[in-house]
Every structure is written in structure tokens, then in C-alpha cells.
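> I have a structure here, written as C-alpha cells, and I will follow up with some questions on it.
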Amino acid sequence: MSRVELCAPAGNLPSLKEAINKGADAVYLGFNNDTNLRNFPGLNFTSKETAKAIMFAHRRGKKVYIAINSYPQTDQLEQSYKDIDHACSLRADALIMSDLGLLDYTSKKHPSMRLHLSVQAGASSAQSIIFYQKTFNVKRVVLPRVMSIEKIAKINEETDCEFEVFGFGLLCINYEGRCHLSSYLTGESINTYGACGSPRFVKFEENGENLKVMLGGTCLNKYPKNASIAYPTPCKGYYHNLEKEGFEYAFQNPQSLNVLEILPSLIESGADAIKIEGRQRSQVYVGKAVSSFRQAIDSHYKDSESYRVPKEGNAELESLFEGSSFTCGCYVEE
Amino acid sequence: MKVFLKALVSRVAVMLKNKLSYIVLRLALFYFVKRNSQAAKRLSEIDGKVFKVGLEDQKNHYFLLVKDNRFKVIQAVEMVDATISGKTGAFIGLIRKRYDPDELFFKRQLTIEGDIGLVTYLKNTLAHL
């Protein structure tokens with residue numbers, strides 16, 4: 001059985017280099033346009049930077065995966081096709097995709113390109129995974145964050161497809177590939193424009209006592225002075241519930257996923273790769289997260305019986321998290 | 001007379017400190033951008049925009065104008081596009097790549113106001129350097 005791969009995010013070249021230098025086996029990135037789901041202003045790679053990134057990684061025996069995982073509308077298709085052709089010409093190690101039309105295009109035009117199914121496709125059953133395997137020759141599936149470890153292990157028994165699971169980062173409402181919540185407030189959905197709660201719709205109003213957070217003119221939250229905050233997305237809104245006559249996180253309490261505590265059982269469930277979320281975060285974030293997970297994974301393989309959550313690494317992760325607390329998410333509690 | 005002298009010394013000290021941090025800031029920005037002129041070309045997207053950088057602990061602020069793929073420290077402006085405020089240590093930590101900007105923001109050690117899209121663009125562009 002091969003060792004689990006540590007897959008790190010990069011939104012720029014310094015982050016990619018940091019990830020590889022700190023022990024990532026693979027790095028995933030996107031082009032600087034709306035063909036991927038971290039389309040933030042100024043983030044992501046130009047064509048030249050992507051070529052440099054691939055060269056840097058390959059010289060060190062590491063892999064680069066390119067995410068082209070939005071769901072393009074008809075007028076966006078040309079750009080997606082162009083990026084797919086370009087990623088293949090740059091010799092990326094795999095493309096991470098979700099749209100059926102793009103998967104069809106790539107599997108026919110570039111049959112030798114390795115395909116990973118994005119979490120956005122929401123494939124969460126053996127039947128669904130086998131469909132993507134048979135139809136598009138998908139080699140790996142990034143599993144949605146809605147499944148328990150037991151279910152992941154069962155899928156592993158029922159298919160021979162590789163799968164990748166999220167290990168760290170901000171959680172969303174686990175409705176991957178189908179969420180259009182932000183489009184109701186901003187007119188733009190993550191699946192078509194690549195960012196939920198695009199920064200140009202965000203307003204922060206500080207009045208001394210609290211911080212009012214607005215998205216597309218709607219107030220999502222009012223944080224008391226010095227309280228930790230999360231990036232404003234509609235699913236993390238603290239809404240007024242008229243029935244209960246009070247405020248509540250109607251969809252989801254903002255929490256970050258951290259699987260260090262359950263890492264051995266996640267690896268034993270058959271995961272081929274552990275993914276760190278956060279292409280929008282900095283080189284510092286990438287370095288700390290990769291170091292912590294590298295240490296934990298190596299410690300597990302050295303002596304699984306005596307595995308303990310690395311205290312220092314966990315503290316580093318705690319300094320990075322977004323929202324109110326850590327959670328093991330649906331892996332332990334669906 | 002003694003009180004007057006004490007006040008004068010204190011005022012001169014503040015002026016020197018501000019002047020020194022002004023020079024340090026100019027030098028830091030110059031070398032920060034020069035280190036990677038290729039990535040600095042991304043600044044052309046926000047040419048002409050003005051950022052106010054507030055140093056809360058020094059009760060001081062600077063105006064940064066993005067011009068010709070570099071930053072210029074300017075004295076006064078009619079309009080600011082976005083404001084970023086925090087303690088001096090936070091900004092030094094960011095320039096030295098010790099801190100993650102989102103981490104500082106989530107923990108309320110940095111505050112931002114104005115055009116958030118522009119601040120995000122600046123943050124992500126600086127990360128390329």
C-alpha cells in the first residue's frame with residue numbers, strides 16, 4: 001500500500017515553492033480567471049507562472065494539478081477549452097474538473113491527461129464514482145465533505161478509484177457543486193464565477209462597538225469588538241430568526257476542518273491523498289499547514305500505534321483557522 | 001521654561017521618529033517591489049489607486065499611491081480608495097512574511113475599510129512578490 005499523498009494549495013508561485021519545500025507531494029493551483037473556484041482579484045497563476053511552477057515541482061519530483069473546476073455557461077466555454085488545452089501542453093500532472101461537458105472534451109481531446117474529479121462534482125457513492133471512471137477515465141475523486149469515515153471505507157471497498165479527502169481548511173455547507181446561495185445576494189455564484197462572496201460585494205463597517213459585515217447590501221453579521229471573524233459568505237451569515245425571535249447561524253456555524261486527531265483512521269479508510277484547502281491564503285498559511293500535516297503523516301507511518309496529535313503542529317494550525325473553532329466535520333458526525 | 005523645553009524635545013522626537021519610519025517605509029516598499037519586478041507588473045491593474053495605511057500604535061498614517069508598477073508614499077490626497085489599519089508590528093510581520101494577512105484580519109489585528117475588492121487585489125499581488 002502506497003503512502004498517502006499530501007496535496008497542498010497554492011495561489012501564487014511563492015506559496016507553491018513553500019509547499020514543496022515544506023514537504024507537500026503535490027500542489028494544486030488555478031489559472032487567473034473564472035475557470036476555477038478561487039477566482040479572487042490578483043490571485044492565481046498566469047500562463048508563464050504556471051510553466052515555472054510545473055518546472056519547479058517536476059525538478060523536485062513533485063506533482064502539479066490544475067483546477068479547471070467551474071461550471072461554465074455557454075459563453076464561458078471557449079476560455080475553459082483554451083485553458084484545458086494549455087494545461088495539457090504545459091504537462092500538468094492532472095486536471096481537476098467537475099463539469100460533464102469539460103470532462104467529455106478533455107477525455108476525448110487529451111486521452112492521456114490524468115483526470116481528477118473535483119469535489120464540486122459531489123460524487124459521494126460508489127455508483128457515481130464508477131460512472132465517472134467508466135465514462136471519462138477519471139483516476140481520482142475528491143470526496144465531498146459530507147461522508148463519515150465508515151462510508152469512505154465502504155466506497156474504497158466497492159471501487160478501485162483513487163480518492164482524496166479534505167484534511168484542513170474552511171468548511172462550506174457541503175452542498176458542493178450545487179450551491180448558488182451567493183448569487184441571491186450578489187448575482188454571482190461560485191460555480192459560474194469562481195468565488196462565493198466576491199470581495200467587490202463586501203463591505204466592512206466599524207463603528208467602535210461592533211463590526212458590521214455586509215455582502216451585496218445584506219448584513220450578514222455584527223461582530224462584537226475583538227471577536228474573531230470569518231470571511232463573509234451567505235452560508236456563514238448570522239440571521240434573525242423571526243420564529244425563535246433571536247439570531248442564529250441558520251446554515252452553518254463558521255468552523256475550520258482539522259483532521260489531525262483522526263488522521264490514522266482517515267488514512268486507514270483507504271484515502272490516497274489528504275488535501276489542504278486554501279488557495280486564497282498566503283505563503284505563511286501554506287507553509288505552516290503543510291509542515292504540520294507532513295509531520296503528522298510521517299509520524300503515523302513511523303509508528304501508527306503510538307500516533308499522537310503533534311502539539312506544535314496543531315498549535316500552528318490553530319493560529320491559522322478561520323471562524324470559531326476546529327471540527328472533524330462529517331467524518332465523525334454526519 | 002523647563003516644561004517648554006521638555007515639550008519641545010518630545011515634539012522633535014516624534015517628528016524624527018515619523019521621519020525615520022517614513023524613510024524605512026519608502027525603502028521597504030522600494031526593495032519589496034524591486035525584488036520581483038515581473039510580478040510587480042500586476043500592480044498596473046490598480047494604477048492610480050490610493051491606500052491609507054494606519055499605524056494605530058504610532059497614531060500615524062501614510063498614503064500609498066500605486067503608480068507605474070510601484071508604490072509612492074505621498075503626503076496628502078483628496079480621496080482614499082481603501083484603508084488598512086493595524087499595529088506597526090503587524091505590518092512588519094507581513095512584509096517579513098511572518099504573518100498570514102487573513103489570520104491577522106480574522107483575529108481583528110488588521111482592519112480594512114473601503115473597496116474590499118481592491119484590498120484583496122493588493123493582498124494577492126503582494127503575495128506574488
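The values are calculated or read from the model by the stated rules, or taken from the named source; none is laboratory data. What you see is a predicted model; the values in this text were computed from it and never measured. Quick reminder, even Gly has a Cβ in these numbers, built from the backbone with ideal geometry, and neighbours come from all protein chains shown. These accessible areas exclude ligands, DNA and RNA; they are computed on the full protein's heavy atoms, side chains included. Shrake-Rupley method; radii C 1.70, N 1.55, O 1.52, S 1.80 Å.
> In the set A:Gly169, A:Gly208, A:Gly217, A:Gly246, which member is at pLDDT 90 or above and within 13 Å of chain B (Cβ to nearest Cβ)?
It is A:Gly169.
> While we're here: Considering each residue of the range B:1-46, count those that are under 14 Å from the mean Cα position of the chain (by Cα) and in contact (Cβ under 8 Å) with a residue 24 or more places away in the chain, and give that number.
Of the residues in that region, 10 qualify.
> Still on this model: Filtering the range B:95-129 down to residues that are hydrophobic (A, V, I, L, M, F, W, C) and closer than 16 Å to B:Glu56 by Cα, which residue is nearest to the other protein chains (Cβ to nearest Cβ)?
B:Ile112
> A:Val119 - would you say it is under 27 Å from A:Tyr231 (Cα atoms) and of a type in the set (Val, Ile, Thr)?
Yes.
> Please work out which residue is nearest to the other protein chains (Cβ to nearest Cβ), limiting yourself to the range A:295-334 and to residues that are open to solvent by 40 Å² or more (accessible area, probe 1.4 Å) and closer than 23 Å to B:Ala127 by Cβ.
Among residues in the range A:295-334 that are open to solvent by 40 Å² or more (accessible area, probe 1.4 Å) and closer than 23 Å to B:Ala127 by Cβ, the one nearest to the other protein chains (Cβ to nearest Cβ) is A:Phe321.
> So, B:Lys67, is that one within 21 Å of B:Thr120 (Cβ to Cβ) and within 14 Å of chain A (Cβ to nearest Cβ) or not?
no
> For the subset of the range A:86-103 comprising residues that are within 13 Å of A:Met113 (Cα to Cα) and not hydrophobic (A, V, I, L, M, F, W, C), which member is surrounded by the most Cβ atoms within 10 Å (Cβ to Cβ)?
Filtering the range A:86-103 for residues that are within 13 Å of A:Met113 (Cα to Cα) and not hydrophobic (A, V, I, L, M, F, W, C), the one surrounded by the most Cβ atoms within 10 Å (Cβ to Cβ) comes out as A:Asp93.
> In the list A:Val290, A:Val259, which residue meets the criterion of being more than 14 Å from chain B (Cβ to nearest Cβ), of a type outside the set (S, T, N, Q) and within 17 Å of the chain's Cα centre (by Cα)?
A:Val259
> Any residue that is under 21 Å from A:Glu205 (Cβ atoms) and in contact (Cβ under 8 Å) with a residue 60 or more places away in the chain - is there at least one of those in the range B:83-103?
no
> Kindly list, by first and then second residue, each pair from a residue in the range A:199-228 that is in contact (Cβ under 8 Å) with a residue 24 or more places away in the chain to a residue that is open to solvent by 70 Å² or more (accessible area, probe 1.4 Å) and not hydroxyl-bearing (Ser, Thr, Tyr), limited to pairs with Cβ atoms under 6 Å and residues at least 6 apart or on different chains.
A:Ser228/B:Lys107
> Does any residue of the range A:142-152 turn out to be without any contact (Cβ under 8 Å) to a residue 40 or more places away in the chain, in a loop (DSSP other than H, G, I, E, B) and surrounded by fewer than 19 Cβ atoms within 10 Å (Cβ to Cβ)?
Scanning the range A:142-152, I find no residue that is without any contact (Cβ under 8 Å) to a residue 40 or more places away in the chain, in a loop (DSSP other than H, G, I, E, B) and surrounded by fewer than 19 Cβ atoms within 10 Å (Cβ to Cβ), so the answer is no.
> Would you mention how many residues in the range A:220-243 are within 11 Å of chain B (Cβ to nearest Cβ), open to solvent by less than 40 Å² (accessible area, probe 1.4 Å) and either in a strand (DSSP E or B) or hydroxyl-bearing (Ser, Thr, Tyr) (or both)?
1
> Let me ask you something else. Scan (1) within 13 Å of another protein chain (Cβ to nearest Cβ); (2) in contact with a Phe, Trp or Tyr (Cβ under 7 Å, 6 or more places away or on another chain); (3) more than 24 Å from A:Leu16 (Cβ to Cβ) for the single condition B:Ile74 breaks and write down its number.
Unmet condition: (1).
> I would also like to ask the following. Quick one: in the range A:157-192, which of the residues that are farther than 23 Å from A:Leu115 by Cβ and in a helix (DSSP H, G or I) is least open to solvent (accessible area, probe 1.4 Å)?
A:Ser182
> Is one or more of the residues making up the range A:107-118 in contact with a helix residue (DSSP H, G or I) (Cβ under 8 Å, 6 or more places away or on another chain), open to solvent by 40 Å² or more (accessible area, probe 1.4 Å) and at pLDDT 95 or above?
There is at least one residue in the range A:107-118 that is in contact with a helix residue (DSSP H, G or I) (Cβ under 8 Å, 6 or more places away or on another chain), open to solvent by 40 Å² or more (accessible area, probe 1.4 Å) and at pLDDT 95 or above.
> Something else about it: Give the residues of the range A:253-275 that are within 23 Å of A:Gly194 (Cα to Cα) and surrounded by 16 or more Cβ atoms within 10 Å (Cβ to Cβ), sorted by residue number.
A:Pro254, A:Gln255, A:Ser256, A:Leu257, A:Ile274, A:Lys275
> Name the residues in the range A:264-287 that are touching an Asp or Glu at 6+ places or on another chain (Cβ under 6 Å), closer than 30 Å to A:Gly42 by Cβ and more than 14 Å from chain B (Cβ to nearest Cβ), would you?
Within the range A:264-287, A:Ala273, A:Lys275 qualify.
> Filter the range A:276-294 for residues that are surrounded by 24 or more Cβ atoms within 10 Å (Cβ to Cβ) and under 23 Å from A:Lys151 (Cβ atoms) and give the result.
Residues satisfying the conditions are A:Ile276, A:Phe293.
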